[in-house]
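Report on the following structure.
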Amino acid sequence: MHWGMMMTSDKNDMSDQLSQLFDDARACKPGLSPHLRARILADADACNAGLAPQRQRFAPWRNWFSGWAVPGLAGGAMVAVAGFWIGVAMPMPVVALDAPDWMQNALGYMDLIALQLIGVDDPLLMEF
Amino acid sequence: MPLEQRSDVDQAALLGRVVAGDRRAAEALTDMIAPRILRFAARMLGDLTEAEDVTQEAMLRLWRMAPDWQDGAAQPSTWVFRVATNLCTDRLRRRKPMVNELPDLPDTAQSQHAQMMQAARAKALENALAHLPERQRQAVILRHLEGLTNPEIAAIMMLGVEAVESLTARGKRNLSAILAGERDALGYDDDQ
């Protein structure tokens, strides 16, 4: 027999043998024992009884907070605080920008004393 | 057709029903996925008790993942296979020598001689598989014993399809070399 043909034939034999081995192995299937099946389903029940319902209970809130609501709420809250601060808790009212009484009195005394010393009643007549 | 062999069932929809508290959906998913995981883990680890632990752990992770399952992601069975693959790898790395003690797998009813021969062949294959490098073993088991497609295996092993094809081909070549001396012992001449 030609060497190349023999090699091909051996290769095919091995391939057939392997295919048959795979077939045999597939036929020997370990099934799921009732005990293992029960354990797996008990885990599913436990997850559903404990974790899943808890997650479901908070799910709407979680979804709500994880979307656009948080940035929106944060912006709204900031605007509210800023508005309150400007409207109610402004540190210095606009009226306070006017000169206080003592300063106005001081100016009054200056008019009274200094202008008389200079000899002018009306500062507009000083002709600067 | 057994539930585990049906590919038309929408596993993601079943998982959604599990989250909603439907126990029958959990049973259906268990019957569909767990036996395949058990077989895969038993062949990877060569120990049925360990394989059962891996199967339970992988399914538990599926139940925990269920509320956050994203539609359009991989099939749940593919995901569980991936988890089981990692769990098997972890266990194999924790072991020092490779354990060749293989599980006695229940068999279907046949004549006693044929049954013994089939069991011997299955055991020979399991022994040969145990001598393959881990990734080749995974690929060969998933492709030729679990009948998954190359793209499915690629998703499980997180490889490209070409890499899976290469692993499978090399695995088969190595298996052939390992089994070459056992041809007579496996009784192929009796059959042919």
- Message: So, in the range B:14-65, exactly how many residues are charged (D, E, K, R) and either within 7 Å of chain A (Cβ to nearest Cβ) or farther than 23 Å from A:Cys28 by Cα (or both)?
- Response: 10
- Given (1) at pLDDT 80 or above; (2) within 28 Å of the chain's Cα centre (by Cα); (3) not acidic (Asp, Glu), index of the condition A:Ala42 fails: (2)
- Query: Within the range B:118-164, which residues are under 15 Å from A:Asp24 (Cα atoms) and assigned to a loop (DSSP other than H, G, I, E, B)?
  - Reply: B:Glu146, B:Gly147
- Query: Can you find even one residue in the range B:66-86 that is hydroxyl-bearing (Ser, Thr, Tyr), more than 12 Å from chain A (Cβ to nearest Cβ) and open to solvent by less than 10 Å² (accessible area, probe 1.4 Å)?
  - Reply: yes
- Query: Pairs under 6 Å by beta carbon, first residue without any contact (Cβ under 8 Å) to a residue 12 or more places away in the chain in the range B:115-143, partner open to solvent by less than 20 Å² (accessible area, probe 1.4 Å) and not aliphatic (A, V, I, L, M), six or more apart or different chains?
  - Reply: B:Gln118/A:Asp24
- Qualifying residues in the range B:88-106 (those that are over 16 Å from B:Ile153 (Cα atoms) and surrounded by 19 or more Cβ atoms within 10 Å (Cβ to Cβ)) - the one modelled with the highest pLDDT: B:Pro103
- Task: Output yes when any residue across the range A:19-34 is of a type in the set (A, V, I, L, M), modelled with pLDDT of 85 or more and open to solvent by less than 50 Å² (accessible area, probe 1.4 Å), and no when none is.
- Result: yes
- Counted residues, the range B:38-65 - those being among the polar types (S, T, N, Q), under 22 Å from B:Gln11 (Cβ atoms) and open to solvent by 10 Å² or more (accessible area, probe 1.4 Å): 1
- Task: Of all residues in the range B:160-184, count the ones that are surrounded by fewer than 18 Cβ atoms within 10 Å (Cβ to Cβ) and more than 14 Å from every other protein chain (Cβ to nearest Cβ).
- Result: 6
- Residue pairs meeting the criteria (Cβ under 6 Å; at least 6 apart or on separate chains; first over 19 Å from B:Ala74 (Cβ atoms), in the range B:15-38; second β-branched (Val, Ile, Thr)): B:Ala26/B:Val18; B:Leu38/B:Thr55
- Within the range B:6-37, the count of residues that are surrounded by fewer than 19 Cβ atoms within 10 Å (Cβ to Cβ) and touching a Phe, Trp or Tyr at 6+ places or on another chain (Cβ under 9 Å) comes to 2
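The values are calculated or read from the model by the stated rules, or taken from the named source; none is laboratory data. Not measured: the values here are computed from a predicted model. Please note: Cβ atoms are built from the backbone with ideal geometry, for glycine as well, and neighbour counts cover all protein chains shown. When the accessible area is computed, the model is the full protein with side chains, heavy atoms only, and any ligands, DNA or RNA have been set aside. Shrake-Rupley method; radii C 1.70, N 1.55, O 1.52, S 1.80 Å.
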